[in-house]
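J.: Starting off with a structure, shown below.
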Amino acid sequence: MRFCHFLLSCSFFMITAIVTQAQIYINEIHYNPPEDGLQEFIELYNPTSRSIRLDGYVFTEGILYEFPRRAIIPANNYFVLARDPNHSAFRNVSALAGPYIGKLADSGERILLRDANGEIVDEFKYSDAAPWPIGPDGYGSSLEKISPELPSDDYKNWRTSLSSSGTPGAQNSVFGESPDLYLNQTSHSPQHPTSNDFVTITSEFDGASIISSVKLYLQTFNTRRSGGSAASTYAMERQSVNGDVATYSVRVPPQDSQRLVRYKFEMKTNTGGTVYWPHRSAARPYESYFVYDNEIETLLPLFWVYYSILMDLPESQGDQFGGGVFKPLDGPPQVYDGASVYDSRNGKKIKFLKGQEFEGNRTLNILPESPPAGTTSGPQTPHVEQVSYKIFESFGLMVPGAEWYRAIQFERHEQILLIQQPNENFLELNDRNRDANIYKVAYNVPNGIQKQTNLDEDQSDLNELNQAIRVSGAVQREEGLRKFLDVENVMNYSVAGCLMSNWDGFFNNMFLYHAPAPANKWECIPWDCDKTFGYTEPGVPMFVEMPVDFPLNGFSPRNGRPEGYISGPFHRHEPFHEEYKRRVRREMTRRFSTERVQELCDQYEQLLLTDLALEEQYTGSKDNLRRSQIVESYDTIMEFTERRLDFLDGVLPVSVDDWALMD
């Protein structure tokens with residue numbers, strides 16, 4: 001096989017004493033850097049005292065690259081092969097080459113380097129799942145070997161870099177750590193302890209012959225930001241030895257209910273060394289469990305929210321890690337510790353560790369029960385969001401799931417709405433291709449549309465769509481619309497949006513999903529529906545009179561808007577627009593009838609009010625403000641629905657059969 005040669009991005013050293021054949025090692029890879037992925041690289045290391053010529057060396061798996069003539073690794077030094085050698089991340093690297101063909105797989109794959117004679121120089125298959133470190137999988141750090149000469153195919157010889165962007169062209173941050181001491185696995189029993197239970201923690205370590213003692217450090221946390229208890233220590237007892245694998249255990253005293261317990265291990269060696277596990281560079285450098293007595297009576301699943309709380313465990317003093325604990329109505333608590341909770345525009349988000357997603361979701365949006373007014377519709381926001389998604393879903397659209405939870409945060413209870421985030425995991429949960437492109441349409445992103453997935457790839461599919469549907473000729477435009485759009489999806493999106501006056505969801509606040517070939521169709525995904533069902537601003541009445549032609553031109557007597565990214569070209573095709581109006585009339589007595597919307601409102605109002613009564617009983621305090629928020633929100637939804645249907649009834653023909661009588 002012949003590969004293209006690429007020019008090196010640096011001038012190589014003129015060295016006369018060059019070893020033409022010698023052992024070199026793959027020492028570091030950055031296979032899933034954040035953002036656009038252009039910081040990806042593979043680093044080689046030369047452990048000898050003489051320079052090594054790379055003429056004829058080739059990567060044949062993982063990436064494709066043949067080193068150019070005169071490519072040299074200096075003695076006892078590094079050589080970085082970069083996907084984009086012009087990236088600022090490599091400005092201080094002296095021996096640098098690239099770009100190469102392809103990219104390293106985010107999910108892991110085999111990497112193979114051969115010399116000029118076709119002999120294997122180094123090879124291994126990395127992974128983004130345990131027992132391999134997960135820290136390099138999109139969290140910023142690279143995957144570093146603790147010593148270049150150690151076998152590359154053994155995951156125990158690799159660690160997550162302690163440097164936020166790895167150490168290209170320099171000694172690895174984890175260099176010199178022992179490969180012999182390793183935490184293979186740990187467990188606790190009982191799996192779901194109560195405050196009456198002693199908990200037995202059992203752990204298996206490599207390095208039995210050199211371990212002199214093992215100690216457990218333990219810290220407990222509530223949901224306040226201030227941190228947890230002081231760390232406690234417990235000596236672990238050796239239970240068994242199998243080869244060089246030792247099993248240790250310790251019995252930990254009971255802890256209070258609704259406490260998150262975090263712990264890690266200290267291993268002392270026969271030579272006086274100290275090693276802590278989980279490793280300090282891990283995405284979650286500790287283990288954890290949750291204590292709960294099942295004392296909260298609720299009609300909603302529970303969600304304990306842990307913001308970034310200070311740690312007092314070894315090698316983690318002062319570090320802050322968040323997390324979440326979820327308890328379904330019909331099961332025990334589920335711990336998702338290490339997840340990050342952070343602010344978003346209208347609330348917060350929780351992002352889970354890879355491989356530890358909540359019900360398959362990588363990210364969930366947290367809408368509080370009382371969002372601030374101004375950027376949203378205030379306390380009505382989560383209620384209209386959920387009902388809107390349910391209406392969109394009834395039209396067969398792919399929509400984010402939105403469900404109520406009782407959140408316990410800062411030691412107080414609150415009814416919050418958790419909403420799925422459209423991303424790769426969301427696509428997979430909806431039986432779509434997780435490798436497809438998603439774009440966000442919003443006024444506050446460049447050019448009004450921004451790619452959300454596959455950021456290291458171009459936007460040629462979007463350009464192709466624009467060229468096909470934004471043409472002046474009616475015949476050509478129809479061909480483009482039918483070829484690239486899922487017409488039924490776009491039609492239903494417009495019909496449902498019109499009925500709910502989703503005026504903010506045609507030019508703004510929506511996602512586009514592009515199914516790859518052979519389907520090659522685009523779908524609309526509703527998003528951020530807080531401005532439906534009578535959204536109000538100071539001095540602005542309900543948008544019950546949003547014109548039926550709004551998706552076509554964005555014109556409203558009260559609020560003019562730009563043309564919708566998809567809806568503008570779609571509705572300019574007159575047959576589509578006329579069919580859309582027919583369907584609006586039809587759905588006024590079906591999926592958007594007063595009875596249907598009332599059914600949804602009654603369902604959620606009763607659920608929330610009954611759960612609120614249980615919450616008040618548990619906390620011992622009344623929350624009349626919350627009760628009025630619930631009632632008023634659903635009253636507003638119903639008032640809007642009745643007025644909206646009256647308005648549409650006055651501007652559309654009486655029935656679909658009478659449509660032909662329309663002038």
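J.: Quick one: count up the residues across region 178-231 that are of a type in the set (Gly, Ala, Ser), under 31 Å from the mean Cα position of the chain (by Cα) and either at pLDDT below 95 or surrounded by 19 or more Cβ atoms within 10 Å (Cβ to Cβ) (or both). Show your work before the answer.
T.: Looking only at region 178-231, we keep the residues that are of a type in the set (Gly, Ala, Ser), and these are 178, 187, 189, 195, 203, 207-209, 212-213, 226-231.
Then drop every residue that is not under 31 Å from the mean Cα position of the chain (by Cα), which leaves 187, 189, 203, 226-229.
If we keep only those that are either at pLDDT below 95 or surrounded by 19 or more Cβ atoms within 10 Å (Cβ to Cβ) (or both) too, we end up with 203, 226-229.
Selection size over region 178-231: 5.
J.: Within region 428-444, identify whether any single residue is out of contact with any Gly (no Cβ under 9 Å at 6 or more places or on another chain), without any contact (Cβ under 8 Å) to a residue 24 or more places away in the chain and within 24 Å of SER567 (Cα to Cα), and answer yes or no. Talk me through it step by step, then tell me what you get.
T.: Residues of region 428-444 out of contact with any Gly (no Cβ under 9 Å at 6 or more places or on another chain): 430-440, 443-444.
If we keep only those that are without any contact (Cβ under 8 Å) to a residue 24 or more places away in the chain as well, we get 431, 434, 444.
Then keep just the ones that are within 24 Å of SER567 (Cα to Cα); that gives 444.
Yes, region 428-444 contains at least one residue that is out of contact with any Gly (no Cβ under 9 Å at 6 or more places or on another chain), without any contact (Cβ under 8 Å) to a residue 24 or more places away in the chain and within 24 Å of SER567 (Cα to Cα).
J.: Confirm whether ALA89 is outside any loop (DSSP other than H, G, I, E, B) and of a type in the set (Gly, Ala, Ser). Break it down into steps so the answer makes sense when it comes.
T.: Numbers: outside any loop (DSSP other than H, G, I, E, B): yes; of a type in the set (Gly, Ala, Ser): yes.
Yes: the conditions hold for ALA89.
J.: Being more than 27 Å from ALA129 (Cα to Cα), surrounded by fewer than 18 Cβ atoms within 10 Å (Cβ to Cβ) and either in contact (Cβ under 8 Å) with a residue 24 or more places away in the chain or not basic (Lys, Arg) (or both) is the filter here; which residues of region 88-116 pass it?
T.: Passing the criteria: SER88, ASN92, SER94, ALA116.
J.: Here's something else I'd like to know. With respect to VAL471, is the statement that it is free of Cβ contacts under 8 Å to residues at least 24 places away in the same chain and of a type in the set (Val, Ile, Thr) true? I'd like the intermediate steps shown before the answer.
T.: On the way: free of Cβ contacts under 8 Å to residues at least 24 places away in the same chain: yes; of a type in the set (Val, Ile, Thr): yes.
Yes: the conditions hold for VAL471.
J.: Being among the β-branched types (Val, Ile, Thr) and under 25 Å from PRO372 (Cβ atoms) narrows it down to one residue among VAL548, VAL490, VAL544; which is it?
T.: Of VAL548, VAL490, VAL544, the one residue that is among the β-branched types (Val, Ile, Thr) and under 25 Å from PRO372 (Cβ atoms) is VAL544.
J.: Could you tell me whether region 272-285 includes any residue that is free of Cβ contacts under 8 Å to residues at least 12 places away in the same chain, outside any strand (DSSP E or B) and over 24 Å from SER164 (Cα atoms)? Before the answer, list the steps.
T.: Just the residues of region 272-285 that are free of Cβ contacts under 8 Å to residues at least 12 places away in the same chain, to begin with: 272, 274.
Right, trim to outside any strand (DSSP E or B) and you get 272.
The next check asks that each one be over 24 Å from SER164 (Cα atoms); those that pass are 272.
Checking region 272-285: at least one residue is free of Cβ contacts under 8 Å to residues at least 12 places away in the same chain, outside any strand (DSSP E or B) and over 24 Å from SER164 (Cα atoms).
J.: Does region 275-283 include one or more residues that are surrounded by fewer than 19 Cβ atoms within 10 Å (Cβ to Cβ) and polar (S, T, N, Q)?
T.: No, that holds for no residue.
J.: Give the residue that is nearest to HIS192 (Cα to Cα), with candidates limited to residues of region 232-260 that are open to solvent by less than 70 Å² (accessible area, probe 1.4 Å) and aliphatic (A, V, I, L, M).
T.: Per the criteria, the residue is LEU260.
J.: Since TYR565 meets every condition but one in (1) among the hydroxyl-bearing types (Ser, Thr, Tyr); (2) open to solvent by 70 Å² or more (accessible area, probe 1.4 Å); (3) not in a helix (DSSP H, G or I), which condition does it not meet?
T.: Result: TYR565 fails condition (2) only.
J.: Could you tell me whether region 290-309 includes any residue that is of a type in the set (D, E, K, R) and surrounded by 18 or more Cβ atoms within 10 Å (Cβ to Cβ)?
T.: From region 290-309, those of a type in the set (D, E, K, R) are 293, 295, 297; that's our starting set.
Those still in the list that are surrounded by 18 or more Cβ atoms within 10 Å (Cβ to Cβ) too: none.
Checked region 290-309: no residue is of a type in the set (D, E, K, R) and surrounded by 18 or more Cβ atoms within 10 Å (Cβ to Cβ).
J.: Hey, another quick one. Give the number of residues within region 113-140 that are under 21 Å from TYR57 (Cα atoms) and assigned to a strand (DSSP E or B).
T.: Result for region 113-140: 8.
J.: Of all residues in region 61-86 being in a strand (DSSP E or B) and open to solvent by 40 Å² or more (accessible area, probe 1.4 Å), which is farthest from GLU40 (Cα to Cα)?
T.: First, pick out the residues of region 61-86 that are in a strand (DSSP E or B): 61, 64-66, 72-73, 77-82.
Restricting the remaining residues to those that are open to solvent by 40 Å² or more (accessible area, probe 1.4 Å) gives 61, 64, 77.
On the way: GLU61: 16, LEU64: 14, ASN77: 20 Å.
Within region 61-86, the match that is farthest from GLU40 (Cα to Cα) is ASN77.
J.: Let me ask you something else. If I ask for residues that are of a type in the set (Phe, Trp, Tyr) and either touching a Pro at 6+ places or on another chain (Cβ under 8 Å) or open to solvent by 20 Å² or more (accessible area, probe 1.4 Å) (or both), which ones from region 425-468 would you list? Write out each step before concluding.
T.: Just the residues of region 425-468 that are of a type in the set (Phe, Trp, Tyr), to begin with: 426, 439, 443.
Scanning region 425-468 gives PHE426, TYR443.
J.: Could you tell me how many of the residues in region 30-70 are of a type in the set (A, V, I, L, M), out of contact with any Asp or Glu (no Cβ under 7 Å at 6 or more places or on another chain) and either without any contact (Cβ under 8 Å) to a residue 12 or more places away in the chain or over 18 Å from ASN454 (Cα atoms) (or both)?
T.: The initial filter retains those residues of region 30-70 that are of a type in the set (A, V, I, L, M), namely 38, 42, 44, 52, 54, 58, 63-64.
Remaining after also requiring out of contact with any Asp or Glu (no Cβ under 7 Å at 6 or more places or on another chain): 42, 44, 52, 54, 63-64.
When the remaining residues are screened for being either without any contact (Cβ under 8 Å) to a residue 12 or more places away in the chain or over 18 Å from ASN454 (Cα atoms) (or both), the result is 42, 44, 52, 54, 64.
Qualifying residue count for the region: 5.
J.: Then there's this: Return only the number of the condition from (1) outside any loop (DSSP other than H, G, I, E, B); (2) at pLDDT below 85 that GLU28 does not satisfy.
T.: Status for GLU28: all satisfied but (2).
J.: If we scan region 45-53, do we find a residue that is at pLDDT 90 or above, closer than 17 Å to LYS125 by Cβ and surrounded by fewer than 22 Cβ atoms within 10 Å (Cβ to Cβ)? Explain how you work it out, then say what you get.
T.: Quick first cut of region 45-53, residues at pLDDT 90 or above only: 45-53.
Going one step further and asking which of them are closer than 17 Å to LYS125 by Cβ, we end up with none.
So far as region 45-53 goes, no, none of its residues is at pLDDT 90 or above, closer than 17 Å to LYS125 by Cβ and surrounded by fewer than 22 Cβ atoms within 10 Å (Cβ to Cβ).
The values are calculated or read from the model by the stated rules, or taken from the named source; none is laboratory data. From a predicted model like this one, the values you see are computed outputs, not experimental measurements. As a convention, Cβ positions derive from the backbone with ideal geometry for all residues, glycine included, and neighbour counts pool all protein chains shown. Accessible surface areas use protein heavy atoms only, side chains included; no ligands, DNA or RNA. Shrake-Rupley method; radii C 1.70, N 1.55, O 1.52, S 1.80 Å.
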